Amino acid sequence: MATSNNGGQTPPGGAPQQSDPAQAQAAQAQFRVLAQYTKDFSFENPNAPQSVSQQPQQPSINIQINVNPKQLSDTSFEVELKLEGKAEVNGSTLFAFDLVYAGVFHLQGIPQESVGPLIMIECPRMLFPFAREIIASAIVSGGFPPLMLDPIDFVALYQQKLAHAQQQQQEAPAQT
């Protein structure tokens, strides 16, 4: 008859086997958010009150997104999600915003080849809904109709960044 050990069973042959601590740590990959915060935020409504009146046409809205990681320690990374945007009609700015929303993430026992994608894809994906809410609230508070930013494909952004880095590496030897 097997005895219980935290819901499991004792393996045949007696006491549970003790594994190598390095294997146990690698098997227990950890990924969690330690903190998230607004690092910098600006909202401008430079042509108010004229800009908040009904516009004769839809504004053109341009949004730039960037992800900036920074390693804080062996297991902690700060990831900044930077969103800049501007709405214009006939060359006149209705509103502009600039937000840096960041988080500190704990990564331990993650294979080295997975750290980059985790930092550049999953971390910003977790931060984005909060950043989108900050921007949407500011736009409504500025007197404009709600603007909900579409979800962002952080996988595609990561792939573009890798392709750009590879292109720069290939061009660097040609310049020497």
Residues whose placed amide H lies under 5 Å from that of Phe95, excluding near-sequence neighbours: Ala87
Segment 152-166 - phi-based ³J(HN,Hα) in whole Hz, Karplus 6.51/-1.76/1.60, Gly and Pro as x: 10, 8, 5, 5, 5, 4, 5, 5, 5, 5, 5, 4, 5, 5, 5
Cα-based shape type of segment 29-166, given that a ≥ b ≥ c are square roots of the gyration tensor eigenvalues and the cut on a/c is 1.5: prolate
In order through segment 96-113: 3J(HN,Hα) via Karplus (6.51 cos²θ - 1.76 cosθ + 1.60), integer Hz, x for Gly, Pro: 9, 9, 8, 10, 10, 10, 10, x, 10, 10, 9, 10, 9, x, 8, x, 3, 5
Per-residue Cβ neighbour rank within 10 angstrom, fewest leading, Arg125, Arg32: Arg32, Arg125
Cα-centred dipole magnitude for segment 29-166, charges only on beta-carbon of K, R (+1) and D, E (-1), debye, nearest 20: 60
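Summing Lys, Arg as +1 and Asp, Glu as -1, what charge do residues with Cβ under 13 Å from the Cβ of Gln64 carry, Gln64 excluded?
0
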For segment 41-49, Karplus couplings with θ = phi - 60° (6.51, -1.76, 1.60), whole Hz, Gly/Pro x: 8, 9, 10, 10, 10, x, 10, 5, x
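Where a number appears in this text, it was derived from the coordinates with a stated rule and is not lab data. Keep in mind the model is a prediction, meaning the values are calculated, not measured. Positions of Cβ are backbone-derived with ideal geometry, glycine not excepted, and every protein chain shown enters the neighbour counts.
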